[in-house]
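Novice: Below are the structure tokens for one structure; questions will follow.
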Amino acid sequence: MDKKFYKTDYNKMLFGVCNGLAEYFSIDVSLVRIIFVLATFLGFGMTIVLYIALAIILPTKMY
């Protein structure tokens with residue numbers, strides 16, 4: 001099976017990046033969103049830049 005990383009067009013809050021990450025790693029999307037929020041507030045300044053870059057670069061997987 002060829003696993004690919006996409007942002008999703010469904011169940012998204014902003015751009016679907018967290019849902020795409022959750023599908024890729026087979027974990028709950030809420031956990032990924034919490035990790036992103038905690039990383040942002042704990043001082044990892046690149047988190048927002050990373051999210052925006054992924055939102056721009058990743059292809060969208062439509063169902």
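The values are calculated or read from the model by the stated rules, or taken from the named source; none is laboratory data. All of these numbers come straight from a predicted model, not from anything done at the bench. Cβ coordinates were reconstructed from backbone atoms using ideal geometry, including for glycine residues, and neighbour counts include every protein chain displayed. Protein only, heavy atoms only, side chains kept; ligands, DNA and RNA dropped before computing areas. Shrake-Rupley method; radii C 1.70, N 1.55, O 1.52, S 1.80 Å.
Novice: Could you run through region 21-57 and say how many residues are in contact with a strand residue (DSSP E or B) (Cβ under 8 Å, 6 or more places away or on another chain) and either at pLDDT below 90 or open to solvent by 60 Å² or more (accessible area, probe 1.4 Å) (or both)?
Specialist: Total meeting the criteria: 1.
Novice: May I pose another question? State all residues of region 35-50 that are out of contact with any Cys (no Cβ under 8 Å at 6 or more places or on another chain), aromatic (Phe, Trp, Tyr) and either closer than 15 Å to residue 19 by Cα or outside any helix (DSSP H, G or I) (or both); if no residue qualifies, say none. Quick ask: steps written out before the conclusion?
Specialist: First, the residues of region 35-50 that are out of contact with any Cys (no Cβ under 8 Å at 6 or more places or on another chain): 35, 37-50.
Now narrow it down to the ones that are aromatic (Phe, Trp, Tyr): 41, 44.
Of everything in region 35-50, just one residue is out of contact with any Cys (no Cβ under 8 Å at 6 or more places or on another chain), aromatic (Phe, Trp, Tyr) and either closer than 15 Å to residue 19 by Cα or outside any helix (DSSP H, G or I) (or both), namely 44.
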